[in-house]
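This report refers to the structure that appears directly beneath it.
We did not get these values from a lab; they are worked out from the coordinates using the rules stated. Values in this document were obtained by computation on a predicted structure and should not be read as measured data. Glycine gets a Cβ as well: all are built from the backbone with ideal geometry, and neighbour counts include every protein chain shown.
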Amino acid sequence: MDDVFKLKYKVGEIEFEAEGPADAVEQQRVNFMKEVLPAAVDAMVRTRAVIEQQSYINASAQPAMLEAGLSKDSLEIPNQLGNDFSRTSLSSFLKKYGPLSEQDFTLFAAYFDEKKNGTKAFSNENVKQYYQEGRRPAYSNNGMLLRGLIKKGYIMDTSIPDDAKPGKYYMLTDAGISYIENYVPKGDSFDKKKSRTNVKKSASKISEAYVSITADDLNIKNYPAVKSLHGSKEQVIMVMYIVTSEGKGEWFTVDDVIHLLVNIFEVPADKDKVSGVFKRNKNLFFSENDPINKKALRRKLLSGAKDFAASIIQKANM
């Protein structure tokens, strides 16, 4: 009977109790958290019959759980339902979750904003504000974070709120809310995994700042249509000029320019086309070795190239 132990949860009126071998009880716990608890909580919220009460674990079960390799923290269910958000700051709210990935931080911050301020829809600009309020260093590519959350099904596109600035807006999905309210803090293994992931991303041929940049980010309606320009020189320089003018970057590798031409401006491009422009117009660009990809060069516009782009814009407005 040494390997048999009991486990008990109680969250408001929701109860879970299991008894048996460690593996069997752990499997029941996982099923309870993933399937039973979210549905039960949703039903309670809808009927406004939720009672604020912290979940607990039967103290007699803890030693056996630790012997089975289960940490105490991994068995706690954060109680989101009874929080008084009006008396909590974003940074304080996030402390109990421990280290968070950039995506999780964005998701949790949007959840906090909705609960505290009633903000149902949020934008890229809101995400920038979340980083400031959460006392977290700004992330270089918020668009990539939001696209990742959409792919996971945690947020979705929504309409522009009344009296809001034009742009793309998002809202939390039921799956995103369930993920937050049943989130279990991660330990050291998460930090190591995160570090490995960041290293892998940095090896990409496309600069991180341009991976998920959108036409909305660049306000391309304010510039001549790149695909209507005649000649590779005009197209390449105009793309670099637009990105630079909008403050989204100033250094470009050949792969960066190809990516922007094809994916943002819908202009056919390849290495020969872009490299040819750089080789034939060396006096218009400053070049240096790319600090990330030592085998490549990166370039930025000199004043002559900026003047050339400005003349194209002037002619288009005449």
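Things worth noting here:
- Scalar couplings 3J(HN,Hα) for the range 265-278, obtained by applying the Karplus form with A = 6.51, B = -1.76, C = 1.60 to θ = phi - 60°, are 9, 6, 10, x, 7, 8, 4, 4, 5, 6, 4, x, 5, 5 Hz; x denotes Gly and Pro.
- Taking only the C-alpha atoms of the range 214-318, the Rg (one decimal) and the largest Cα-Cα distance, Dmax (whole number), read 12.9, 43 Å.
- Residue-count net charge about residue 286 - beta-carbon cut-off 14 Å; Lys, Arg +1, Asp, Glu -1: +2
- Each of 156, 33, 240, 318 was scored by other Cβ atoms within 10 Å of its Cβ. Arranged with the fewest first, they read 318, 156, 33, 240.
- In this structure the amide hydrogen of residue 119, modeled in the peptide plane, comes within under 5 Å of the amide hydrogens of 114, none closer than 5 places in sequence on its chain.
- With the simple model of a label 7 Å out from the Cα in the direction of the Cβ, residue 168 to residue 225 spans 2.1 nm.
- Residue-wise HN-Hα couplings along the range 119-128, as the Karplus relation 6.51 cos²θ - 1.76 cosθ + 1.60 with θ = phi - 60° gives them from phi, are 7, 7, 10, 9, 10, 4, 5, 5, 4, 4 Hz; Gly and Pro carry x.
- Dimensions of the range 85-202 from C-alpha coordinates, computed as largest minus smallest value along each principal axis and given longest first, are 43, 34, 26 Å.
- Label point distance in nm, residue 280-residue 19, each placed 7 Å from Cα along Cα→Cβ: 8.4
- From least to most packed, judged by other beta carbons within 10 angstrom and beginning with the fewest, 236, 262 follow the order 262, 236.
- Calculated FRET efficiency for the pair residue 30/residue 136, C-beta based, R₀ 41 Å, to 0.05: 0.85
- Residues with amide H under 5 Å from that of residue 155, placed H, sequence gap 5 or more: 150, 173
- 5 angstrom amide H check on residue 17, placed H, neighbours 5+ away: 9
- Near residue 219, once Lys and Arg are set to +1 and Asp and Glu to -1 for all other residues with Cβ below 12 Å from its Cβ, the sum equals -1.
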